[in-house]
Every structure is written in structure tokens, then in C-alpha cells.
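A.B. asks: Got a structure for you, written out below as C-alpha cells; questions coming shortly.
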Amino acid sequence: MSMIAEPMKMVSEMRAGLRDIAVASRIFLVVAVLALVAAIGVLAWQQGALTRTIDVSFFAGTADGMNKGMAVKLVGFKVGSVDAISVTPDLRVKVSVKLDEKYRNMIDGDAVVRLAREGLIGGNVLEVRPGSGDKGPIKDKAVLRYEREPALDAAVVALVDQIAPVIADVKQVTTFLASPEGDFRQAIGNANRAAAALVETRADLKKLIASLGEGFDRSEKQLAAVLDTTNGLLQETRASVAVLDGSLRKMDAALPGIATKMDQSLENIRVASEAIRGVATGQLPGLVGDAGTLVGEGSALVSDTNEIVRGAKQTWPVRNLVPPRQELRLRLDSGGGLSAMPPEGKR
Amino acid sequence: MRAAILLVAGLLAPALCGCGSVPPQSDTDARRERQTDLGERAQRAIGRGEVGRAAGYYREALRIAEATEDFPAIGVYALNLAATYQALDEAALAQGALDKVLAEPARFEQPLVVEAAGRRALLALQARQLDTAEEWLGRAERDCAPASCKAQVALQNLRGQLLLERGNAAEARAVMVGALAGARAEGNPEEEANALRVDGRAAARLGEHGEALAALNRALDLDKRSGLPRKIALDLIALAEVEIARGERAAARDYARRALAVSRAGGSKRQQEEAQRLLESIP
């Protein structure tokens, strides 16, 4: 009896084992199918298959730089993509765009679409400028206005055009002020001479007042001579004051012109420096956004890459394979050569 | 069994997540990483022969280290900066960088201070300020404890150069015997070539031209293998001087021309002038 019972027990254990495996496989299969469905769902959601969109279009002169599927951005966020590009009978290019409906309230009916480039080495994107808000939110099948971003060389030329008059103005003002024959320098020279003459006259008058005191004590004859001298001195003083007055009048007449020129120059410099700042920070609309953003985006790209590499290096098991970083020293070479010191323990 | 599988999976998943996660980086870590990164860039720039660029990287790394009073890093980058300035023939700037270590030696590790003093002696030697060189070399030798000091062979070579400059060629050769042995024992081809050069020059002074040429040619061979233009030019100049002493004008002219070409390509103005002077002095 026990001889039959033993194999029966083994068979029943095997059956139970097989049942367990079958249950485990079913669970695994269900989980796998669920994961696959979820992945497809996430992919579809990411691709915008489940997003409600509105169709808008615009007309461009050329399809250069545009392609089906390219991103449409609003203040840097992707809000849609190009659905179709076609040519109309009058040789215009009709670009149909699908916009995510949730951004509808942020884009106005008079919004403008602009072809821009993401940095100098980046791809083209269509950028939506929201509009004034007077026409309300954008509607389905709306036709938007399109503009093309000026090329970088045109922007640079525009900038140079702005700066050139400033330099010319500054040069003109400097020449005017520095010219020895110019009214300004002559007026200053005259004023200097007149001032020197006044100083001399003042010294003479002091002497005269002193001698007047003495004169009263002496004879009347001497007093008359002194008065004659005083009269002469006063005439000299009057002449000096007249010269000074003339010089000051000239200066007075010249100064408004100088001030105006200076004002203009300073304003031009301000405008030019604003433009340069705009270029540098990428805030200059419609001018040289590419050049302005290049540095910032390049730097961000490098920073991101560094961050990714750092993260990868610190992740198991890579962190065990990468040697720890240390300050590298140049060896003291008695011949004046430059060579690195080998890491500790290598030599 | 199922429970066991679930348990293992449950434990394994967070463990794997933990292994795969990246710890957050603090500002100090970020600064130190930037500093090290600059140091590595400088090394690569030196490898490409862009010494000026390397100096720029070291300057920035030193600035970051100084901003956080990271003394070990200040020591390393000050020394590296001094080495690059020296290679650029900017002796005053090199001295300024070394002063960061030599002015407050207590803040830095002894090997760094020894190297700084040694490099200061080398700068003085290059400027023919023999007494100053003697003073700094003496200080470096005094502080160089044999067990931990890695600059011993370099200091011996500097001592040999100083003796040679002072006219003690025989003594210089005696010192070079030890330096050569030390360099070979360390497996340091750069210092071996330096020792051979000093030995060759000393032999030439003593009229042993055959030995001088042999030593200098071996030095040239080693320096070529290391790819160090500045030192190749030094070897060629020394060879030209030996040939002049032997009366071999054509060979001397050839070496001097090669030295001029190498120093031009290597970008060393001082060596160019030296090679040019030598070339013009050959009748």
C-alpha cells in the first residue's frame, strides 16, 4: 500500500508545483500586458494622441525652414505642431498647425506666428506671439499672421548702423571742443586773458588805495596825479570786463549747441547700449535673438551634459569603475618641462 | 514559493532604485568639481601644447580654491600655475604664484613647500641669480625628507646645475651619478634626461667631449620620447656648444639651427634668442 501511496504523493506534489507555475505565469502575463498597455497609453499621451487640439493655419512666402511635425512654441513651451504644408494656386505656402486646446485662452485671435531658430546651431521652430488680446481667444480654423525673423547678418548691420552715428557724433563734439580755432577754445582763451588782466588791475587798485591814504597827508598836487592814475586804471578795468563779457557771451551762445549735441550723443549711446544689451541677453525682439541666446543656450547645454555625465558616473555600478577625481599636480621638473605627476600608488 | 518570489522582488526593487539614484550635489561639491575639472582641462591643454590656455585654467581653479580657503587645492594650483608661467617665460608671474605657498608654508603640506622652494631655485637659476638659487635649493633640500619627498632627484639635478653654473664641473658630475641612479630607480625618464644633460654639459666643460656627446644624445632621445619641445631645444643647444668646443662648426651650426626651429615651434622666446645667439656666434 505504501509503495503505491509514495508515487501518488509525488505526482500530486508535482501537479501542485505545475499549478503554482501556471498561476505565476498568468500573473506575469497579466502584469506584462498591463505594463504594455500603460506604455502605449503613455506614449500616445506624450505624442498628443489623446490631446484635444484646434486647427489653425497661416500663409508664408516660402516653406524654407519649415517641415511637417515641427514644433510650435509659445514662450518656450511646445503648444502644438505643424500638421501639413501645402502650396496654394497663387504660389503661397499654407501651413496648417494643430494647437493644444488648453493653450487656447493664452493665444489671441490676432496672434502672430514667427519662424525662429533655437540658437545658432539649433533647429527651426515656429513661435507664437500671443497678440494684443483685443480679438479674444483664438478660434478653430483661424488664419494667423506670419512673419519671418530677420537674418543675423541683417541684425548685425542694423546694430552697426545704430552705433556708427554715435561714434560720428562723439567725434564731432570732441573735434569741436578740441579745435584751437573753434569758438569754444577761443572764448575760453579770452576769458582766461580777461581774468588775468582783472587780477593785475585788482593788485594795482590795492596799491592805489594805499597811496591815496598817504596822498591825503601830502600835497593836493600829488592827489591830482593819483586821481589821474586811478582814472586810467578804471578805464583798463572796464576794457578787461568788456572782453570778459564778450567771451562769456560767446560761450553762452555756444553752450546750448554743445549741450544739444551731447544730449543727442548720449541718447544715441543709450539706445545703442540697450541694443547691445538686448543682443547679449537675447531680449531684443525680432532682431538678433539667435546671437543673444547662443551663449546662454550653449552654456545650459554644457551644464546639462555635465550634470548627466556626473549623474551617470555616480550611479551604481559605474561609480565603482570610475576612479575618484583628484587634483592633478605638475611635477617639479629640473629642466623646466611640464609633465604631470603620476597618481598616488602608480609609481 | 510565490510569497518568497514577491518578497525578493519587493526587497530588490527599492535596493536597485537606491543603487541607481544619484546623491544631491552640494555647493561645495559643485565648486570642487569645477576646480578639478579646470585642472583636468589644463592638463589636456598642456598635452596639446597650449600652455597659455592651461595657465588660464589654473588661474581660475586657483581663484575658486582661494575663494573657499581650500589650502590643499591652493597649494596644488599655485604650483601648477607657477610651472606654466615658467614655461611661458613669465618669471615674475611664476614667482608671484609660488609666493602664495612660500609666504605661509605652515598652511601647506611639506612636499608642496619643498616643490615650491625647488621651483623658486630653478627660476633663480634661469635668471643666473646663483646666490638666490643656492638659498632656495638649500631650503628645499633641508625640508625634503627622503621617505615622503618625491622631488629628491629633481633637487639633485638642480644642485648639479648650480654647481655647473658655479664652475664646479667635476663636482656636478659626481652629483649626477646619484641623480641618474635615482631617476632610473624611480622610472622617471624626464629627470633621467635632465641628469644626462647636466652630466653631458659638465663633461664638455672638463674637455671630455666624447662622453658629453653620448650623454647629450641619450638625453635628446629620452626627451624626444617624452615629447617635450623645451627640453629637446635645451639638448640641441648643449650639443651645439659641445660641437663648437670640438671645433666642428658644421655640426654645431646644424644643432643650433635645429634648436632654433624647435624653440620657434615650441613657442619659447627665451630659447629662440639663445639658439639665435649661438647660431650667430659660430664663425
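A.B. asks: Does region B:232-275 hold any residues that are over 25 Å from the mean Cα position of the chain (by Cα) and either closer than 27 Å to residue B:189 by Cα or assigned to a helix (DSSP H, G or I) (or both), and which are they?
C.D. replies: B:242, B:243, B:244, B:245, B:246, B:249, B:250, B:251, B:252, B:253, B:254, B:257
A.B. asks: Would you check if residue B:193 is farther than 17 Å from residue B:235 by Cβ and either part of a helix (DSSP H, G or I) or within 13 Å of another protein chain (Cβ to nearest Cβ) (or both)?
C.D. replies: No, not satisfied.
A.B. asks: Does residue B:172 qualify as being closer than 23 Å to residue B:271 by Cβ, part of a helix (DSSP H, G or I) and within 14 Å of chain A (Cβ to nearest Cβ)? Can you show your working first?
C.D. replies: Values: closer than 23 Å to residue B:271 by Cβ: yes; part of a helix (DSSP H, G or I): yes; within 14 Å of chain A (Cβ to nearest Cβ): yes.
When the stated conditions are applied, residue B:172 passes them.
A.B. asks: Give me the residue from region B:196-211 that is surrounded by 17 or more Cβ atoms within 10 Å (Cβ to Cβ), free of Cβ contacts under 8 Å to residues at least 40 places away in the same chain and among the hydrophobic types (A, V, I, L, M, F, W, C) and, out of that set, farthest from the other protein chains (Cβ to nearest Cβ).
C.D. replies: This residue is B:203.
A.B. asks: A further question on this structure: Looking for whichever is basic (Lys, Arg), surrounded by 10 or more Cβ atoms within 10 Å (Cβ to Cβ), more than 30 Å from residue A:336 (Cβ to Cβ) and at pLDDT 80 or above here; the options are B:44, B:31, B:2. Which one fits? Working first, answer last.
C.D. replies: Details: B:44 fails: more than 30 Å from residue A:336 (Cβ to Cβ); B:2 fails: at pLDDT 80 or above.
Exactly one residue qualifies, and that residue is B:31.
A.B. asks: Filter region B:48-75 down to the residues that are basic (Lys, Arg) and away from chain A (no Cβ under 12 Å) and list them by number.
C.D. replies: Just the residues of region B:48-75 that are basic (Lys, Arg), to begin with: B:48, B:53, B:59, B:63.
Once the filter is applied, which keeps residues that are basic (Lys, Arg) and away from chain A (no Cβ under 12 Å), region B:48-75 yields B:53, B:59, B:63.
A.B. asks: Identify, from the list B:78, B:103, B:127, B:83, the residue that is more than 9 Å from chain A (Cβ to nearest Cβ) and in contact with a Leu (Cβ under 7 Å, 6 or more places away or on another chain).
C.D. replies: B:78
Per-residue answers, yes or no, for (1) among the polar types (S, T, N, Q); (2) exposed (fewer than 10 other Cβ atoms within 10 Å of the Cβ); (3) without any contact (Cβ under 8 Å) to a residue 12 or more places away in the chain; (4) in contact with an Asp or Glu (Cβ under 6 Å, 6 or more places away or on another chain):
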| site | (1), (2), (3), (4) |
| --- | --- |
| A:30 | no, no, yes, no |
| A:35 | no, no, yes, no |
| A:41 | no, no, yes, no |
| A:62 | yes, no, no, no |
| A:80 | no, no, no, yes |
| A:90 | no, yes, yes, no |
| A:94 | no, no, no, no |
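A.B. asks: I'm told residue B:128 meets every condition in (1) closer than 30 Å to residue B:266 by Cα; (2) in a loop (DSSP other than H, G, I, E, B); (3) within 17 Å of the chain's Cα centre (by Cα) except one. Can you identify the failing condition by its number?
C.D. replies: Condition (3) is where residue B:128 drops out.
A.B. asks: Further, regarding this structure: Any idea which of B:239, B:216, B:164 is in contact (Cβ under 8 Å) with a residue 40 or more places away in the chain and not hydroxyl-bearing (Ser, Thr, Tyr)?
C.D. replies: Selected residue: B:164, the only one of B:239, B:216, B:164 that is in contact (Cβ under 8 Å) with a residue 40 or more places away in the chain and not hydroxyl-bearing (Ser, Thr, Tyr).
A.B. asks: Collect the residues in region A:3-15 that are among the small types (Gly, Ala, Ser) and surrounded by 10 or more Cβ atoms within 10 Å (Cβ to Cβ), keeping them in residue-number order. Quick ask: steps written out before the conclusion?
C.D. replies: First pass over region A:3-15, keeping only residues among the small types (Gly, Ala, Ser): A:5, A:12.
Selection gives A:12 alone.
A.B. asks: Starting from residues that are assigned to a loop (DSSP other than H, G, I, E, B), among the small types (Gly, Ala, Ser) and within 12 Å of chain A (Cβ to nearest Cβ), keep the ones in region B:133-152 and report whichever is surrounded by the fewest Cβ atoms within 10 Å (Cβ to Cβ).
C.D. replies: Here the residue is B:148.
A.B. asks: Going by the structure shown, is residue B:118 closer than 16 Å to residue A:331 by Cα, at pLDDT 90 or above and out of contact with any His (no Cβ under 8 Å at 6 or more places or on another chain)?
C.D. replies: The answer is yes for residue B:118.
A.B. asks: Right, something else. Does residue B:110 satisfy the condition of being more than 13 Å from chain A (Cβ to nearest Cβ) and either under 25 Å from residue B:27 (Cα atoms) or in contact with a Ser or Thr (Cβ under 9 Å, 6 or more places away or on another chain) (or both)?
C.D. replies: Spelling it out, residue B:110 is indeed more than 13 Å from chain A (Cβ to nearest Cβ) and either under 25 Å from residue B:27 (Cα atoms) or in contact with a Ser or Thr (Cβ under 9 Å, 6 or more places away or on another chain) (or both).
A.B. asks: Of the residues that make up region B:160-167, is at least one under 25 Å from residue B:93 (Cβ atoms) and surrounded by fewer than 17 Cβ atoms within 10 Å (Cβ to Cβ)?
C.D. replies: yes
A.B. asks: With the checklist (1) surrounded by fewer than 16 Cβ atoms within 10 Å (Cβ to Cβ); (2) touching a residue at least 12 places away in the same chain (Cβ under 8 Å) in hand, flag the one item residue B:188 doesn't pass.
C.D. replies: Status for residue B:188: all satisfied but (1).
The values are calculated or read from the model by the stated rules, or taken from the named source; none is laboratory data. All of these numbers come straight from a predicted model, not from anything done at the bench. Reconstructed Cβ throughout: ideal geometry from the backbone, glycine too, with neighbour counts over all protein chains shown.
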